[in-house]
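Trainee: This structure is in structure tokens; I'll ask about it shortly.
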Amino acid sequence: MMSEHTYEITVIGGGPVGMFAAFYAGLRSADVLLVESLSALGGQTGNLYPAKILYDIGGMPGISGQGLVDHLKEQVAHFKPTVQLSTAVTAITPTEDGFTLTTTREPIHTKAVIIATGGGAFTPRRLAIDYDPALDGSSVLYYVTNLEDFRDLDVAIAGGGDSAIDWALALEPIAHSVHLIHRRNQFRGLESSVADLKASTVALHTPYLIDAVNQNDARLDIGLKEVRGDATERLDVDRLLVNYGFMSDNKQLRNWGLELDGNAIAVDSQMATSIPGIFAIGDVASYPGKLKLIASGFGEAPTAVAAALARLYPERKQALHSTQLYH
Ligand SMILES: Cc1cc2nc3c(=O)[nH]c(=O)nc-3n(C[C@H](O)[C@H](O)[C@H](O)COP(=O)(O)OP(=O)(O)OC[C@H]3O[C@@H](n4cnc5c(N)ncnc54)[C@H](O)[C@@H]3O)c2cc1C
């Protein structure tokens with residue numbers, strides 16, 4: 001029974017960094033459990049920007065968020081770790097030989113813990129107007145999972161940050177038309193992206209706010225109102241993609257008794273937290289010079305796994321290179 005079993009390492013959080021840690025723990029022959037609160041692995045990368053192209057992953061000149069998650073899934077599956085989805089860890093209690101994790105399901109017993117909970121549970125910032133909630137997920141969208149879903153459609157995008165601009169540029173060659181609605185005349189994206197945007201066929205509606213969204217047959221009727229002005233516009237489109245950013249909730253961390261640094265967990269150079277046997281990696285870990293990047297997290301994962309195993313089995317000689325173990 002799962003509740004009787006004691007894992008050697010439990011990784012909390014199935015984002016890119018937690019997935020790589022679970023793989024690396026398997027590579028080191030550890031009995032590992034990967035726990036993820038959402039119903040799918042992938043973290044921010046798989047859920048918030050699956051179609052964005054990442055250029056800063058070592059060895060990958062350009063890969064989509066979903067592509068990276070698919071590679072990680074394949075990699076992590078190699079050593080067949082136990083993966084438990086739709087399970088949020090709510091408390092960590094030290095025991096004689098490790099920890100008991102209280103979860104939204106059965107408790108988990110483990111000798112060591114690697115926390116890779118990133119920015120915590122995240123939710124998109126919603127449109128601040130009343131509209132029919134039944135439109136959510138059909139015509140009003142907060143995530144893009146597949147660019148092809150927008151082929152030949154008229155698409156309005158709300159937002160003025162990097163991600164809204166990325167979507168507008170990515171959809172321009174696919175959609176029939178793309179409209180970008182932003183409450184300021186200036187966009188907050190990278191200079192090169194803003195220049196590409198201005199040179200594109202994307203119709204810019206600035207400085208406008210959305211003040212109504214109604215279904216009109218299978219289309220959407222969007223009302224726009226000028227910010228600090230009286231002008232109004234109407235857009236008739238197939239889809240509205242809202243890109244106002246995301247809110248993340250890491251409040252639970254405060255109950256785990258760990259030393260924090262702001263909203264993150266303070267770690268040393270071995271990724272060890274203030275509680276022996278609990279390590280933290282990825283976006284949730286903080287140390288001087290920390291960069292919240294996937295590449296940084298990929299480096300932190302082997303350090304944490306090696307430190308966890310060295311603590312559990314001080315007599316074991318540490319293997320360093322995957323060629324020695326990977327068949
Ligand atoms: C729009 C956007 C673009 C980005 N672009 C880049 C880029 O180009 N290059 C780059 O390197 N980085 C980029 N990043 C940052 C990158 O996504 C993060 O650094 C990375 O996702 C961190 O990975 P992680 O595994 O630490 O955390 P996350 O990806 O946040 O994953 C954490 C996981 O833990 C789960 N979780 C949280 N709490 C619990 C709990 N209590 N129990 C169980 N599970 C839990 C969450 O559901 C989530 O799946 C971008 C981020 C955003 C938002």
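Trainee: Arrange the residues Met19, Met60, Met247 by how much accessible surface each exposes, largest first, with a 1.4 angstrom probe.
Mentor: On the way: Met19 0, Met60 60, Met247 85 Å².
From most exposed to least exposed: Met247, Met60, Met19.
Trainee: Once amide H atoms are built 1.01 Å from N in the peptide plane, which residues 5 or more positions from Arg105, or in another chain, come under 5 Å H to H?
Mentor: Ala88
Trainee: Something else now. For the peptides 78-89, 6-17, what is the packing order when you average, over each peptide's residues, the other Cβ atoms within 10 Å and list the highest mean first?
Mentor: Values: 78-89: 16.6, 6-17: 27.6.
Top to bottom by mean Cβ count within 10 Å: 6-17, 78-89.
Trainee: Averaging over all projection directions, find the projected area of the Cα convex hull of the chain and quote it in nm² with one decimal place.
Mentor: Working: hull surface 77.0 nm².
Over all viewing directions, the chain projects a mean Cα-hull area of 19.3 nm².
Trainee: Let me ask something else about it. Specify whether the C-alpha gyration tensor of the stretch 228-327 places it in the rounded, prolate or oblate class, a ≥ b ≥ c being the square roots of the eigenvalues: rounded for a/c under 1.5, otherwise prolate if a/b is larger than b/c and oblate if not. Numbers along the way, then the final one.
Mentor: On the way: a/c = 3.80, a/b = 2.11, b/c = 1.80.
Here the stretch 228-327 falls in the prolate category.
Trainee: Oh, and also: Test of the criteria: in the stretch 82-126, which trypsin sites (Lys or Arg not before Pro) are in a DSSP loop and have at most 15 other Cβ atoms within 10 angstrom of their Cβ? It would help to have the intermediate numbers written out before the result.
Mentor: On the way: sites: Arg105, Lys111, Arg125, Arg126; in loops: Arg105, Arg125, Arg126.
When the trypsin sites (Lys or Arg not before Pro) of the stretch 82-126 are filtered for loop state and at most 15 Cβ neighbours within 10 Å, Arg105, Arg125, Arg126 remain.
Trainee: Between helix 162-171 and the chain, what is the angle of the helix's C-alpha long axis to the longest principal axis, kept within 0 to 90° and rounded to the nearest 10?
Mentor: Helix 162-171 sits at roughly 70 degrees to that axis.
Trainee: Which of these, Ser192, Ser139, Ser37, has the largest mean-square fluctuation under a Gaussian network model of the chain (Cα springs below 10 Å)?
Mentor: Result: Ser192 has the largest fluctuation of those listed.
Trainee: How far is helix 294-312 tilted off the main Cα axis of the chain, in degrees rounded to 10, range 0 to 90?
Mentor: Orientation of helix 294-312: about 20 degrees from the principal axis.
Trainee: With every protein chain left in place and a probe of 1.4 Å, what is the accessible surface of Tyr143, to the nearest 10 Å²?
Mentor: The value for Tyr143 is about 90 Å².
Trainee: A further question on this structure: Shape call for the stretch 126-244 from the C-alpha gyration tensor, a ≥ b ≥ c root eigenvalues: rounded (a/c under 1.5), prolate (a/b greater than b/c) or oblate? Let's see the in-between values first.
Mentor: Working: a/c = 1.65, a/b = 1.11, b/c = 1.48.
Because a/c hits 1.5 or more and a/b fails to exceed b/c, the stretch 126-244 counts as oblate.
Trainee: Okay, next question. Taking only Cα atoms and a 10 Å spring cutoff, compute GNM fluctuations for the chain and point out the largest among Ala310, Ala121, Ala134.
Mentor: Checking each option, the largest mean-square fluctuation is seen for Ala134.
Trainee: Given labels modelled 7 Å from the Cα in the Cβ direction, how far is it in nm from Thr93 to Asn185?
Mentor: It is 6.1 nm.
Trainee: Could you sort 261-273, 24-36 so that the peptide with the highest average Cβ count within 10 Å comes first and the rest follow in order? Let's see the in-between values first.
Mentor: Numbers: 261-273: 17.6, 24-36: 23.5.
Put in order of decreasing packing, that is 24-36, 261-273.
Trainee: How tilted is helix 16-27 with respect to the longest principal axis of the chain? Cα atoms for both, answer in degrees (0 to 90, nearest 10).
Mentor: 30 degrees
Trainee: Arrange the residues His182, His71 by how much accessible surface each exposes, largest first, with a 1.4 angstrom probe. Walk me through the numbers before you get to the answer.
Mentor: Values: His182 5, His71 90 Å².
Most to least solvent-accessible, the answer reads His71, His182.
Trainee: Under 26 Å between alpha carbons, and skipping anything fewer than 8 positions from Lys225 in its own chain: which lysines qualify?
Mentor: Lys198
The values are calculated or read from the model by the stated rules, or taken from the named source; none is laboratory data. Fair warning: this is a prediction, and the values are worked out from it, not measured in the lab. Every residue, glycine as well, gets a Cβ built from its backbone with ideal geometry; the counts of neighbours run over all protein chains shown. Heavy atoms of the whole protein, side chains included, go into the accessibility calculation; ligands, DNA and RNA do not. Shrake-Rupley method; radii C 1.70, N 1.55, O 1.52, S 1.80 Å.
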